[in-house]
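**Q** A single structure is presented below for examination.
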Ligand code: AP5
Ligand code: MG
């Protein structure tokens with residue numbers, strides 16, 4: 001099983017990624033976590049990544065590819081994955097689709113967690129990661145609208161988009177995803 005979670009900051013990608021990984025016995029790969037691990041390692045690359053994350057700006061595509069593609073390849077070898085937060089730009093999606101097509105490993109579904117901005121703001125302000133300040137959250141939401149949301153139309157056009165009401169309880173969302181994947 002190869003799945004992708006698309007959604008704004010705070011939409012529940014991490015929460016659903018963990019639940020679906022447990023449900024299907026596949027790996028949960030969060031691009032934000034992979035990047036934060038590099039930051040914690042304190043490497044020069046990690047310091048560069050930290051500056052983008054602190055501001056809520058996207059990390060340049062090439063850095064993301066260099067860190068994510070090996071992780072995706074390793075997960076593939078272990079039976080599948082649920083990608084959380086990667087791809088999140090159209091160039092990333094096109095590049096990832098190209099790699100996947102060559103390996104005959106295209107996505108089964110792209111799951112879009114749709115949550116209104118007022119709810120996203122409440123969730124993130126009560127969580128308090130270093131990039132969860134009001135100002136940085138506002139910027140992350142703008143980046144989502146401008147740069148990531150075109151992916152929704154892209155995956156809809158490919159016929160693999162599953163759009164969900166992300167305001168339901170986490171358990172209800174997981175159950176709905178499972179039911180809709182079974183129905184397809
Ligand atoms: P990333 O780590 O991906 O952060 P994000 O997209 O801003 O999303 P979050 O992790 O904040 O939210 P989430 O959707 O995972 O929700 P969660 O389950 O935690 O990216 C961080 C940064 O890394 C970016 O700004 C960028 O700099 C960089 N980056 C990452 N990927 C990149 C890429 N591909 N290219 C370039 N740069 C990249 O839930 C949030 C809260 O809500 C939690 O408290 C949770 O308990 C709660 N919650 C979850 N679901 C529900 C529910 N159904 N009901 C009520 N509460 C809920
Ligand atoms: Mg997350």
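Bear in mind that the values in this text are calculations on the coordinates, not laboratory data. Since the model is a prediction, treat every value here as computed from it, not as a measurement. Virtual Cβ from ideal backbone geometry, glycine too; neighbours counted across all protein chains shown.
**Q** Which whole number of Å³ per residue matches the convex hull of the alpha-carbon atoms in region 1-86?
**A** Details: hull volume 7.9 nm³, N = 86.
In region 1-86, the Cα convex hull volume per residue is 92 Å³.
**Q** Give me the Kirkwood hydrodynamic radius of region 79-171, using the inverse of the mean 1/r over all pairs of distinct Cα atoms, in Å to one decimal.
**A** Working: mean 1/r = 0.0672 Å⁻¹.
Here the Kirkwood hydrodynamic radius works out to 14.9 Å.
**Q** Suppose we keep just the alpha-carbon trace of region 144-184; what are its Rg and Dmax in angstrom?
**A** Every Cα atom of region 144-184 included, Rg and Dmax give 12.0, 32 Å.
**Q** Cut-off is 10 Å between beta-carbons; in what order do 86, 65 appear when sorted fewest neighbours first?
**A** Numbers: 86 24, 65 18.
By the 10 Å Cβ count, ascending: 65, 86.
**Q** Rounded to the nearest 500, what is the 222 nm mean residue ellipticity of the chain from helices alone, with -39500 (n - 2.57) per DSSP H run of 4+ residues and division by all residues? It would help to have the intermediate numbers written out before the result.
**A** Working: 9 runs with 106 residues, N = 184.
Rounded to the nearest 500, the figure is -18000 deg cm²/dmol.
**Q** Next question. With just the Cα atoms defining each centre, how far is region 1-66 from region 71-149? Give it in Å.
**A** The distance from the Cα centre of region 1-66 to that of region 71-149 comes to 8 Å.
**Q** So between residue 127 and residue 102, what do we pick up on full extension, going 0.36 nm a residue minus the alpha carbon distance?
**A** Contour length minus Cα-Cα distance gives 5.0 nm.
**Q** Over the chain, consider all pairs of different Cα atoms and compute the Kirkwood hydrodynamic radius from their mean reciprocal separation; express it in Å, one decimal. Numbers along the way, then the final one.
**A** On the way: mean 1/r = 0.0599 Å⁻¹.
Hydrodynamic radius (Kirkwood, Cα pairs) of the chain is 16.7 Å.
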